[in-house]
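What follows draws every value from the coordinates through simple rules; no lab data is involved. Keep in mind that this is a model prediction, so the values were computed, not measured. FYI the Cβ positions are ideal-geometry reconstructions off the backbone, even for glycines, and counts take in every protein chain you see.
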Amino acid sequence: MNMIRMIQGAAMSVAITLVATGALAQQRPPYGTAINLETAKKVAAASAVEARKNNWNVAIAIVDNHGLLVYYEMLDDTQTASAVIAIEKAKTSATYRRPSKEFEDGIAGGRNAILGLPGVTPIEGGIPLVVGGKLIGAVGVSGVSSAQDAQIAKAGLEALK
């Protein structure tokens, strides 16, 4: 009886792993030409407009398609921790070619192995910057709630359309 339970448990574990892995293994945009400084400033400016409109003090980081910092801005009176978190959210989004929220959702769904992935900040607020179907970089925002950070990041993405 114990052997049957062990086999059933192992089979269930494999099934859950396959489902969880499949959710994170979706097709990702191919790499494009890295974002340049002018475009990074445009994304950051649009993000800052959204933050100021709501009186939110945040840090905004724009990285290239490989996660290297291209542009950074921190609004006055932003909490100190947000300086690094914004950069890490952007890096996560660029290097894994997906919104950082996907990792947060995976952990919330029980996929704790995500915590072992190198360079992952599993907190909403990192958004890939995709132009013409290709990844050019990412924007990361930190300073308010994660959903508000994402709202600001999405405003930056909209500047590219």
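Our note on the geometry: Cα centres of the stretch 121-161 and the stretch 71-97, 10 Å apart.
Taking a sphere under 14 Å around the Cβ of residue 27 and counting the other residues whose Cβ falls inside, with K and R at +1 and D and E at -1, yields a net charge of +3. Computed 3J(HN,Hα) for the stretch 102-119, one whole-Hz value per residue from the Karplus formula 6.51 cos²θ - 1.76 cosθ + 1.60 where θ = phi - 60°, is 4, 6, 4, 5, x, 5, 4, x, x, 8, 5, 4, 4, 4, x, 6, x, x, glycine and proline marked x.
Counting 0.36 nm for each residue step from residue 131 to residue 38 and taking away their Cα separation leaves a gain of 32.0 nm. Extension gain, residue 105 to residue 52, is 16.3 nm, computed as 0.36 nm per intervening residue step minus the present C-alpha separation.
The relative contact order of the stretch 29-158 comes to 31 percent, based on Cα pairs under 8 Å that sit 6 or more residues apart.
If only the Cβ of Lys and Arg carry +1 and only the Cβ of Asp and Glu carry -1, the dipole of the stretch 45-120 around its Cα centre is close to 240 debye.
At the listed q of 0.09, 0.22, 0.23 Å⁻¹, the Debye profile of the stretch 29-158, built from one uniform point per Cα, gives log10 I(q)/I(0) equal to -0.21, -1.20, -1.29.
Label zone (residue 77, point 7 Å along Cα-to-C-beta; backbone nitrogen cut-off 16 Å) within the stretch 28-67: 51-59. Of the peptides 66-78, 127-139, 44-56, the order by per-residue mean of other Cβ atoms within 10 Å, starting with the highest, comes out as 127-139, 44-56, 66-78. Which entries in the list 42/161; 42/134; 53/91 go over 20 Å, if you measure between the two C-alpha atoms of each? Check vs 20 Å cut-off fails for 53/91. Among 107, 62, sorting on how many other beta-carbon atoms sit within 10 Å of each Cβ, with the fewest leading, yields 107, 62.
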